[in-house]
Amino acid sequence: MTTQTVPTASTGKDVSAPQGSTMAQTTALSGGVTGADQPAADRGRTSIADVVVVKVAGIAAREIPGVYDMGGGLSRTIGAVRDRVPGGRPNVGRGVKVEVGERQTAIDLDLVVEYGVPITDVAREVRENVISAVERVTGLDVVEVNVTVNDVHLPEEDGEAPTTDSRVE
């Protein structure tokens, strides 16, 4: 595979891209240009913090029916305590890990699913929704979303006794 060198507008550094490919138009995360003669939209830099991707991915994952909670056992326990503290805010990033580059991101999710839902279907829907939301909001290309289901929520765990009809009156 041969590569072609393409100079960037902001830094003059060379970026290698496969020959014959077109570079995708994404948010200019690392650069911009300076000068009054440049269009306003191109002046300056835009950078996206990891926490932004974490929050967008966490919210998108929780939107899918069948996702009960996110995170491992300890993080869920700490989160439950945090949610009960007056003035405490829920942590939408719990159970989300990201790696963010200049134009791409990779995401790892830890899920707790509801009992009875097809886990592979939930994982697929979560993956699709997270990729769509992160790419739309941040302009980053999502290269992978790894989903780990580390627990299943049972209805009895809510403290509700299962309702059974008595056989006698």
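Quick note: the coordinates plus some simple rules give every number you see, no bench work behind them. Remember, predicted model here, so these are calculated numbers, not experimental data. Note: ideal-geometry Cβ built from the backbone for every residue, glycine included; neighbour counts use all protein chains shown.
Quote the FRET efficiency, to the nearest 0.05, computed for GLU144 versus TYR115 with a Förster distance R0 of 30 Å and r equal to the Cβ-Cβ distance.
Efficiency for this residue pair is about 0.65.
Note on ALA49 and LEU154: with the Förster distance fixed at 41 Å, the Cβ-Cβ geometry gives a FRET efficiency of about 0.65. If you take all other residues with their beta carbon under 11 Å from the beta carbon of SER132, and give Lys and Arg +1 and Asp and Glu -1, the sum is -2.
Let me check I've understood the local charge: for VAL53, count other residues with C-beta under 11 angstrom from its C-beta, Lys and Arg +1, Asp and Glu -1. What total comes out?
Net of charged neighbours comes to -1.
Backbone phi angles across the stretch 143-149, fed through the Karplus curve with coefficients 6.51, -1.76 and 1.60 (θ = phi - 60°), yield HN-Hα couplings of 8, 6, 10, 9, 10, 10, 9 Hz in residue order; Gly and Pro are listed as x. For the stretch 87-159, the calculated P(r) over all alpha carbon pairs, in 5 Å bins from 0 to the bin holding the longest distance, is 3, 14, 22, 21, 17, 12, 7, 3, 1, 0 percent.
The string of couplings for the stretch 55-71 from the Karplus curve (6.51, -1.76, 1.60, θ = phi - 60°) is 5, 4, 5, x, 5, 5, 5, 6, 6, 7, x, x, 8, 7, 7, 9, x Hz, one whole number per residue in order, with x for Gly and Pro.
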